[in-house]
Amino acid sequence: YAMESPEVWFEDFGTASLSAGEASVTIDPQFAQTVNLTEDYRVFVTPLDDCNGLYVTDKTETSFKVGELNGGMSSVGFDYRIIAKRAGYEDARLEPAGVGAQGED
């Protein structure tokens, strides 16, 4: 099973916690081997308890940071979803109609 997208994205998920309003999350090395983290990738975060809200910053090839909005200092947990383009398929987008279509020769 895989997500459907007009581009070739891979995704990973995890859970982490803020400490005094900030966290550094290490990207799973096995996931990192399958994607291109030198290009822009996306990180989505969902707090697991009440807080001022979260933001993502300092995205690198090995990690990203999460902070609490408005200078918050909580230690709330959060779930994250990271998506990045599959290595070697960075420019692929929507095959022309008919290519690989079922019933096509």
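Can you name every residue in segment 14-36 that is assigned to a loop (DSSP other than H, G, I, E, B) and in contact with a strand residue (DSSP E or B) (Cβ under 8 Å, 6 or more places away or on another chain)? Break it down stepwise before answering.
Of all residues in segment 14-36, those assigned to a loop (DSSP other than H, G, I, E, B) come to 18, 20-21, 27-28, 36.
Within segment 14-36, 18, 21, 27, 28, 36 qualify.
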Tally the residues that are touching a residue at least 60 places away in the same chain (Cβ under 8 Å) and open to solvent by less than 50 Å² (accessible area, probe 1.4 Å), restricting the search to segment 11-34.
-> 4
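Collect the residues in segment 37-53 that are assigned to a strand (DSSP E or B) and either of a type in the set (Asp, Glu) or open to solvent by 30 Å² or more (accessible area, probe 1.4 Å) (or both), keeping them in residue-number order.
Looking only at segment 37-53, we keep the residues that are assigned to a strand (DSSP E or B), and these are 42-47.
Scanning segment 37-53 gives 42, 44, 45, 46, 47.
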What do you reckon, is residue 65 of a type outside the set (A, V, I, L, M), assigned to a strand (DSSP E or B), within 15 Å of the chain's Cα centre (by Cα) and buried (at least 17 other Cβ atoms within 10 Å of the Cβ)?
-> no
Looking only at segment 73-91, and only at residues there that are open to solvent by 40 Å² or more (accessible area, probe 1.4 Å) and assigned to a strand (DSSP E or B), the one that is farthest from residue 50 (Cα to Cα) | 86
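The values are calculated or read from the model by the stated rules, or taken from the named source; none is laboratory data. A quick note: this is a predicted structure, and the numbers were derived from the prediction, not measured. For neighbour counting, all protein chains shown are included, and Cβ atoms are generated from backbone atoms with ideal geometry for every residue, glycine included. Just the protein is used for accessible areas: all its heavy atoms, side chains included, with ligands, DNA and RNA removed. Shrake-Rupley method; radii C 1.70, N 1.55, O 1.52, S 1.80 Å.
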